[in-house]
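The values are calculated or read from the model by the stated rules, or taken from the named source; none is laboratory data. Predicted model only: the values in this text are computed from it and were never measured. Neighbour counts are summed over all protein chains in view; Cβ atoms, including those assigned to glycine, are modelled from backbone coordinates with ideal geometry. Note: areas computed on protein heavy atoms with side chains; ligands, DNA, RNA excluded. Shrake-Rupley method; radii C 1.70, N 1.55, O 1.52, S 1.80 Å.
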Amino acid sequence: MPFDNLSTDTEQGYLADGLTEDLTTELARIPGLFVISRNAAFTFKDKPRLPSDVSTQLGVRYILEGSLRRTGGQMRINAKLIDSMTNGNIWAERFDGEWKAVFELQDRMVGEVATALKLRLVTSQQTAVAGGTTNPAAYEAYLLGRELELREKPEDWIEAVKYYEQALAHDDAFGNAAAALAWMYREAHWTEARSKLLGVSQDEARSRANAYFAQAAKNPSPAYYRLLAGRLNMMQKSDEAIAAASRAIALDASDPSNYESLSMAMIFNGRVEDGLDNLDAAARVDPAWSRWRYFLAGLAYFSTDRYEEAVVALEKIGPELKETSYWDFWSGYSGLMVLISSYGQLDRDADATAARERLKPYLAQAQEPEYTGLMAAVEFPFKDYVNLERLLVGLRKAGVPELPDGFTPKRGVRLDAGSVRTLLFGHEIQGRNIRTGESYRRVTAEDGTARITVGDWTDHGISTVEGDMLCSIYPTRWRFCGVVFRKSDGTFAQKNEYLLVLQSDRFEFSVVK
């Protein structure tokens, strides 16, 4: 349970919350011990509770509760372990010490609780938490940032970032702090409005996210492995994403986000039933279903042609549920995309039209004028094209355009899969970005490895042909999908014989080598 803050300074509640969260993580690492998630336990914060009620609602037998009091550099932690079957204490202890010895006190508590439950510790005491720190100043700065981040309001991220940066200034090997910064800057770079909130451009936010991610990799935490799994999914490497998410669970089996991360990787990989099993595992440590969990369930059902069940799950992410966090945006945005396709597959035209209207406010926030099949191809990186094709078919039946701006070339022929491969793979093309006028050059090997240059930007990536789309993944810019047209009025001299249409860009080009 959330430890009570008994300090005279009520604003020091972040210390008690941080202690609770770290104890949850460490106890969950003990073999044979199931520990409910921090999120589930915190639903009881500041509420009267009986051990029997907690036991019934969360499906647990033992309850650890306590308090923290800090005065200056001194700290006192009181804790007791309750057996909900008898409502009696089976262990109670008081821990006094200096704040700088907080890690030793935590180790003692975990050890004594394990002894009381007659379990063995997975590691010896004094072993740092994965991605953690042994610097008390860094730890306190991190807890302050964590409290602000968990409010899940972007406006609180400004101060959270400052505290996380302070934590890294005290300990540059503090993996948890680096992973938190990598996540926040990654999310900020998606739109200009979010990056401006942190006082940087989208490119700067992307650059910082990559830098902090590299720093987090040196002392990996569960949060780092979740980030890694997300990156690997977007790069269509769901096999590797599964391994990363599994590592996150091994380091913290009490966090439902780790199971949800593994579920997503399983779904993109085509292992849908395993994905659903991991949603059940997430529900075991946190029984309250989030909007994000309903999205994953809907995506899983959709991926096995269970469109009615997909609709039931996705409709639970309804407009009547007030959005209270940043993640509520993503579940609504992505959930509506799959819901629209589900309605399309079921020929429920009126419902599909209504869902497309509900999507418009999300598109406005994402700075997209309309939703298209090309966007779906980018945002749902399934391992096998058949799963993406199912989504595209549903969207098309629901009236969603495949290409942006109602694009149809006045004079030209769309290339099929074989023609795209023959034209590009093993060749160099040159041309320009029609929107910006920047020069455009791409060299694609027979195996799909590619080097692309647009103006001053250049990167190496991998290209594949999915359906008749050219999809490319670049580490600094994630994933793009587009279609190629042959222009009947283009010439080699003007380097405009062909046209590549992406969601936001148009490139005209010719094959030069």
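Given the conditions (1) open to solvent by 40 Å² or more (accessible area, probe 1.4 Å); (2) more than 20 Å from Ala130 (Cα to Cα), report the number of the one that Ser246 does not fulfil.
That leaves (2) as the condition not met.
Just to check your reading of the model, which residue among Ala250, Ala245, Ala265, Ala300 is of a type in the set (A, V, I, L, M, F, W, C) and at pLDDT below 95? Let's see the steps before the verdict.
On the way: Ala245 fails: at pLDDT below 95; Ala265 fails: at pLDDT below 95; Ala300 fails: at pLDDT below 95.
Only one candidate passes the filter, namely Ala250.
Give the residue, chosen from Tyr212, Tyr224, that is open to solvent by less than 30 Å² (accessible area, probe 1.4 Å), under 30 Å from Glu368 (Cβ atoms) and of a type in the set (Phe, Trp, Tyr). So that I can check it myself, show each step before the final result.
Numbers: Tyr212 fails: open to solvent by less than 30 Å² (accessible area, probe 1.4 Å).
Within the list Tyr212, Tyr224, the selection yields Tyr224.
Can you name every residue in segment 460-476 that is hydroxyl-bearing (Ser, Thr, Tyr), at pLDDT below 90 and surrounded by fewer than 18 Cβ atoms within 10 Å (Cβ to Cβ)? Break it down into steps so the answer makes sense when it comes.
Of segment 460-476, the ones hydroxyl-bearing (Ser, Thr, Tyr) are 463-464, 472, 474, 476.
After this cut, where a residue has to be at pLDDT below 90 as well, the list is 474, 476.
Scanning segment 460-476 gives a single hit, Thr476.
Which residues, taken from segment 181-199, are open to solvent by 10 Å² or more (accessible area, probe 1.4 Å) and either among the hydrophobic types (A, V, I, L, M, F, W, C) or in contact with a Leu (Cβ under 8 Å, 6 or more places away or on another chain) (or both)?
Trp183, Arg186, Trp190, Ala193, Leu197, Leu198
Would segment 339-357 turn up any residue that is part of a helix (DSSP H, G or I), surrounded by fewer than 16 Cβ atoms within 10 Å (Cβ to Cβ) and in contact (Cβ under 8 Å) with a residue 24 or more places away in the chain?
Taking segment 339-357 as the starting set, the residues that turn out to be part of a helix (DSSP H, G or I) are 339-345, 349-357.
Then drop every residue that is not surrounded by fewer than 16 Cβ atoms within 10 Å (Cβ to Cβ), which leaves 349-350, 353-354, 357.
Filter once more, keeping what is in contact (Cβ under 8 Å) with a residue 24 or more places away in the chain: 349, 353.
Yes: one or more hits.
Do you know which of the residues in segment 477-493 that are in a strand (DSSP E or B) and hydrophobic (A, V, I, L, M, F, W, C) is surrounded by the fewest Cβ atoms within 10 Å (Cβ to Cβ)? Walk me through how you get there before you give the answer.
Step one: filter segment 477-493 for residues in a strand (DSSP E or B), giving 478-486.
From the residues that got through so far, the ones that are hydrophobic (A, V, I, L, M, F, W, C) too are 478, 480-481, 483-485.
On the way: Trp478: 16, Phe480: 22, Cys481: 23, Val483: 21, Val484: 23, Phe485: 20.
Filtering segment 477-493 for residues that are in a strand (DSSP E or B) and hydrophobic (A, V, I, L, M, F, W, C), the one surrounded by the fewest Cβ atoms within 10 Å (Cβ to Cβ) comes out as Trp478.
Would you please name the residue that is nearest to Trp292 (Cα to Cα), looking only at residues in segment 249-270 that are crowded, with 24+ Cβ neighbours inside 10 Å and among the aliphatic types (A, V, I, L, M)?
Met264
So which residues in segment 477-487 are farther than 17 Å from Phe425 by Cα and either at pLDDT 95 or above or in contact with an Asp or Glu (Cβ under 9 Å, 6 or more places away or on another chain) (or both), if there are any at all? Spell out how you get there, then give the answer.
Step one: of segment 477-487, the residues farther than 17 Å from Phe425 by Cα are 477-479, 487.
Result: Arg477, Arg479, Lys487.
Do we have any residue at all in segment 289-296 that's in a loop (DSSP other than H, G, I, E, B), out of contact with any strand residue (DSSP E or B) (no Cβ under 6 Å at 6 or more places or on another chain) and either closer than 17 Å to Leu359 by Cα or open to solvent by 50 Å² or more (accessible area, probe 1.4 Å) (or both)? Break it down into steps so the answer makes sense when it comes.
Looking only at segment 289-296, we keep the residues that are in a loop (DSSP other than H, G, I, E, B), and these are 289-290.
Now restrict to residues that are out of contact with any strand residue (DSSP E or B) (no Cβ under 6 Å at 6 or more places or on another chain): 289-290.
Restricting the remaining residues to those that are either closer than 17 Å to Leu359 by Cα or open to solvent by 50 Å² or more (accessible area, probe 1.4 Å) (or both) gives 289.
Yes, that holds for at least one residue.
Looking at segment 1-51 only, could you name the residues that are outside any loop (DSSP other than H, G, I, E, B), open to solvent by 50 Å² or more (accessible area, probe 1.4 Å) and modelled with pLDDT of 85 or more?
Within segment 1-51, the first condition is being outside any loop (DSSP other than H, G, I, E, B), and the residues that meet it are 4-5, 10-28, 38-44, 51.
Now restrict to residues that are open to solvent by 50 Å² or more (accessible area, probe 1.4 Å): 4, 10-11, 39, 43.
Within segment 1-51, Asp4, Asn39, Thr43 meet the criteria.
Restricting attention to segment 318-338, and to residues there that are among the small types (Gly, Ala, Ser) and open to solvent by 10 Å² or more (accessible area, probe 1.4 Å), which single residue is modelled with the lowest pLDDT? Don't jump to the end; show me each part of the working.
Let us first name the residues in segment 318-338 that are among the small types (Gly, Ala, Ser), namely 318, 325, 331-332, 334-335.
If we keep only those that are open to solvent by 10 Å² or more (accessible area, probe 1.4 Å) as well, we get 325, 334.
Numbers: Ser325: 59, Ser334: 91.
Filtering first and then ranking leaves Ser325.
Being among the hydrophobic types (A, V, I, L, M, F, W, C) and surrounded by 19 or more Cβ atoms within 10 Å (Cβ to Cβ) is the filter; apply it to segment 55-80 and report the residue that is farthest from Glu140 (Cα to Cα). I'd like the intermediate steps shown before the answer.
Our first condition is that a residue be among the hydrophobic types (A, V, I, L, M, F, W, C); within segment 55-80, this holds for 58, 60, 63-64, 68, 75, 77, 79.
Those left that are additionally surrounded by 19 or more Cβ atoms within 10 Å (Cβ to Cβ): 58, 63-64, 68, 75, 77, 79.
Details: Leu58: 30, Ile63: 26, Leu64: 23, Leu68: 14, Met75: 13, Ile77: 16, Ala79: 21 Å.
Step by step, filter segment 55-80, then rank; the result is Leu58.
Okay, residues lined up against (1) touching a Gly at 6+ places or on another chain (Cβ under 6 Å); (2) under 19 Å from Val113 (Cβ atoms); (3) without any contact (Cβ under 8 Å) to a residue 24 or more places away in the chain:
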| position | (1), (2), (3) |
| --- | --- |
| Asn5 | yes, no, no |
| Gln12 | no, no, no |
| Thr24 | no, yes, no |
| Ile30 | no, yes, no |
| Gly66 | no, yes, no |
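If a residue must be assigned to a strand (DSSP E or B), open to solvent by less than 40 Å² (accessible area, probe 1.4 Å) and closer than 19 Å to Tyr62 by Cα, how many such residues does segment 82-118 contain?
Going residue by residue through segment 82-118, those that are assigned to a strand (DSSP E or B) are 82-83, 88-98.
Of the ones still in play, those that are also open to solvent by less than 40 Å² (accessible area, probe 1.4 Å) are 82-83, 88, 91, 95, 97.
Those still in the list that are closer than 19 Å to Tyr62 by Cα too: 82-83, 88, 91.
Adding up the residues that qualify gives 4.
Looking at this structure, is Ala178 in contact with a helix residue (DSSP H, G or I) (Cβ under 6 Å, 6 or more places away or on another chain), open to solvent by less than 40 Å² (accessible area, probe 1.4 Å) and closer than 25 Å to Tyr259 by Cβ?
Yes, satisfied.
Show the residue pairs meeting these rules: Cβ distance below 6 Å; 6+ apart or different chains; first residue within segment 388-405 and among the small types (Gly, Ala, Ser); second residue surrounded by 14 or more Cβ atoms within 10 Å (Cβ to Cβ).
Gly394/Ser341; Gly394/Gly344; Gly394/Gln345; Ala398/Ile340; Ala398/Tyr343; Ala398/Gly344; Ala398/Ala352
For segment 358-381, enumerate the residues that are at pLDDT 90 or above and either farther than 16 Å from Met264 by Cα or open to solvent by less than 20 Å² (accessible area, probe 1.4 Å) (or both). Steps first, please.
We begin by selecting, within segment 358-381, every residue at pLDDT 90 or above; these are 358-360, 371-381.
Hits for segment 358-381 are Arg358, Leu359, Lys360, Tyr371, Thr372, Gly373, Leu374, Met375, Ala376, Ala377, Phe380, Pro381.
Checking the structure you have, find out if any residue of segment 169-187 is over 29 Å from Gly73 (Cβ atoms) and at pLDDT below 85.
First, pick out the residues of segment 169-187 that are over 29 Å from Gly73 (Cβ atoms): 182-187.
Filter once more, so that each one left must be at pLDDT below 85: 187.
So far as segment 169-187 goes, yes, one or more of its residues are over 29 Å from Gly73 (Cβ atoms) and at pLDDT below 85.
Quick grid of which residues meet (1) farther than 23 Å from Lys45 by Cα; (2) at pLDDT 85 or above:
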site	(1), (2)
Ile82	no, yes
Glu98	yes, yes
Gln126	yes, no
Pro136	yes, yes
Ile158	yes, yes
Tyr164	yes, yes
